[in-house]
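Data first, discussion second: the structure below is written as structure tokens.
The values are calculated or read from the model by the stated rules, or taken from the named source; none is laboratory data. Predicted, not measured: the structure shown is a model, and the values here were computed from it. Positions of Cβ are backbone-derived with ideal geometry, glycine not excepted, and every protein chain shown enters the neighbour counts. The protein model used for the area step is the full one, side chains on, heavy atoms only, and it has no ligands, DNA or RNA in it. Shrake-Rupley method; radii C 1.70, N 1.55, O 1.52, S 1.80 Å.
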Amino acid sequence: MTAHALLLDELRDICGDAQVLTADLDVEAYSTDWKNSVRGQPLCVVRPANTAEVSAVVKACNRHRVPIVPQGGNTGLAAGATPGPDGEEVVLSLLRMKAIRDLDPVGMTVEVEAGAIVQTVKEEAERRGRLLPVSLAAEGSAMVGGIVSTNAGGINVLRYGMTRALVLGLEVVLADGTVVDGLRHLRKDNAGYDWKQLFIGAEGTLGIITAAVLRLAPIPRESVTALLSIADVETALKLFALAQDHVGEALSAFELISATSLGLVEKHAGLKSPIASGDWYLLVEASSSLSGLQPAMEKLLEAAFEQGLALDGVVASSRQQTQALWALREHVTEAEAREGGGLKHDISVPLRTMADFLVEAGKAVTAICPSAAFNVFGHLGDGNLHYNVLMNGAKEQAAVNRAVHDAVVRHRGSISAEHGIGQYRLGEWLRTKPESEQLLARAVKQAIDPGGMFNPGKLFPATLKGDAA
Ligand code: FAD
Ligand code: 2HG
Ligand code: ZN
């Protein structure tokens, strides 16, 4: 019997025959990323039911030296959950581990297994009068382990922070099968290194997250959403300052959408903006547990018109209208996918240089690919835009990718604000990340996963800057 066949038998003993998938048709959905840009071939997909099974699976894989690719909802946009092409890796899917173990509305925490769907946890929290304050268009499929492992952002980072800010405790399985139980429901814990931070945003390269304790928030009673059209991004930044002055900490979303993005949404999703007239649009939301927000938002809009910042605007006056405005924003990714040919960038730069960045990157891209169109949208309030270039599969993709990231580096920005490196940005991470930071990343990996059991070829390449050829 080959080593692989032995391992498959052991995995079947641990999880049951039905939970070890090997047939091409069965593993298909686990073998490619959401964008369908990378296709892999796993040795098998294994679906453990609990932490003890995860630990046993990891031990078995370790004995046979077969690496593991952790997978949640497979909605990641960096191909981090896609196995390599050679049938040499086991995909470990968390999808059966979806229990909400404990929800404490007073302490405002929820303890949940890694495979729980984000939307399901949000619905349960809402039923108990609390908010899980993470919002992203993929939340109907993304899982808790996935958002923690990518440190997902979304549209409410401005108010509540990235996923990292919500994680109070983690349970993880290490490469030798050890279960580390850090599932504490504590807001304050300075008893030693805060090791969980290493696993947040590690994209499955250090261990398997099997459960998490997340922070909840009160449900805002009042929420006001407005869509404004504006002439340019400098104006958007002035409006951001104005919004901070008028609604302060109640500001929960400040999203920029280009007219091109809205055009794609209209073309592919049939959704039309209620206002027209600008090259750019802002979706602004404020929410609060206290009342009195509506007049503050109205004053903000009045000031925006008086100062000549807004060209046109609409404030949602019902839940339905609010949903309709948000639908315009939430459908951009799907619409871009239908259009095809999109080259994604997930950049952040300091807000005060965002307008300069856009000019520089735009010139550089157009010089390389004159026919390129720009699907730019995203979380302007966080200094994070999805600077996606529509170039119809043109051969200059790599050059355009580099030109955009060169502009990012000039502004001391990041080539991935929220989606991660995965496989998609591996080369650009190597090219743009300073050597000292690359070596630090490898030191962490070597300390926690010295045998390279978890997600090889993701987050950083085997050979780093400065390694001898
Ligand atoms: P997967 O795609 O399955 O995995 C992502 C990474 O985490 C992989 O590297 C995987 O190996 C690792 N991983 C998964 N589970 C575990 C685990 N239990 N233990 C260890 N490692 C694990 N992202 C944002 O940040 N903001 C957005 O606004 C946003 N919007 C999106 C909208 C759409 C339409 C889509 C398709 C995606 C969007 N994303 C967004 C990207 C994606 O949804 C998030 O990155 C999400 O956090 C991924 O969760 P997942 O469960 O699908 O993880
Ligand atoms: C969003 O903000 C997501 O909608 C997806 O992060 C971005 O499609 C993208 O590039
Ligand atoms: Zn985003």
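Taken along the Cα-to-beta-carbon direction at a fixed 7 Å, the label points for Ala399 and Lys299 span 5.3 nm.
For the range 72-181, with all protein chains in place and a probe radius of 1.4 Å, 49% of the accessible heavy-atom surface sits on carbon or sulfur. Phe240 exposes around 20 Å² of accessible area when a 1.4 Å probe is run over every protein chain in place. Placing a label point 7 Å from the Cα of Ala259 along the Cα-to-Cβ line, the residues of the range 204-244 whose backbone N sits under 16 Å from it are 228-236.
Heavy atoms of the protein chains alone define the surface here; on that basis the chain has 43 Å² accessible area per residue at 1.4 Å probe size.
Taking R0 as 30 Å, what FRET efficiency do you get between Lys465 and Ala49 from their Cβ-Cβ distance, rounded to the nearest 0.05?
Using R0 = 30 Å, I get an efficiency of 0.10.
What FRET efficiency, computed as 1/(1 + (r/R0)^6) with R0 = 41 Å and r the Cβ-Cβ distance, is obtained for Val444 and Glu306, rounded to the nearest 0.05?
0.20
Stretched out straight at 0.36 nm per residue, the stretch from Glu249 to Ser291 would grow longer than its current Cα-Cα span by 13.7 nm. Extension gain for Ser277 to Ile219 (0.36 nm times residue separation, less C-alpha to C-alpha distance): 17.4 nm. Considering only alpha-carbon pairs that sit under 8 angstrom and 6 or more positions apart, the relative contact order computed for the chain is 15 percent.
Rounded to the nearest Hz, the phi-derived 3J(HN,Hα) couplings of the range 152-169 under the Karplus curve 6.51 cos²θ - 1.76 cosθ + 1.60 (θ = phi - 60°) are 4, x, x, 8, 10, 4, 3, 8, 10, x, 6, 3, 3, 5, 9, 8, 9, x, where x marks glycine and proline. The H on the amide N of Gly313, modeled in the peptide plane, is under 5 Å from the matching H of Ser229, each at least 5 residues off or on a different chain. Extension gain for the segment Arg410 to Thr2, taken as residue separation times 0.36 nm less the Cα-Cα distance, is 141.7 nm to one decimal.
Look at the alpha carbon pairs under 8 Å that are at least 6 residues apart: their mean separation over the length of the range 1-90 gives a relative contact order of 36 percent. From the alpha carbon centroid of the range 169-211 to that of the range 397-469 is 22 Å. Among Lys445, Lys238, Lys363, the order of accessible area from largest down is Lys363, Lys238, Lys445, computed with a 1.4 Å probe on protein heavy atoms. Placing dummy labels 7 Å off each Cα toward the beta-carbon, the span from Asp86 to Thr366 is 4.6 nm. Taking every DSSP bridge with both residues inside the range 61-138, close to 50 percent are antiparallel.
How high is the relative contact order of the range 249-397? Use alpha-carbon pairs under 8 Å, at least six apart in sequence, and give a whole percent. Taking the mean separation of contacting Cα pairs over the length of the range 249-397, I get 30 percent. The mean of 1/r over all pairs of different alpha-carbon atoms in the range 126-216, once inverted, gives a Kirkwood hydrodynamic radius of 13.7 Å.
Let me know the shape class of the range 53-138, please: from the alpha-carbon gyration tensor, a ≥ b ≥ c as square roots of the eigenvalues, rounded when a/c is under 1.5, otherwise prolate if a/b is greater than b/c, or oblate.
Working: a/c = 4.03, a/b = 1.92, b/c = 2.10.
The shape class here is oblate.
Computed from backbone phi, the HN-Hα couplings of the range 233-247 come to 6, 4, 4, 4, 5, 5, 5, 5, 4, 4, 5, 4, 5, 7, 10 Hz, rounded to whole numbers (Karplus: 6.51 cos²θ - 1.76 cosθ + 1.60, θ = phi - 60°; Gly and Pro given as x).
Note on the range 287-329: Kirkwood hydrodynamic radius from all Cα pairs is 11.8 Å, rounded to one decimal.
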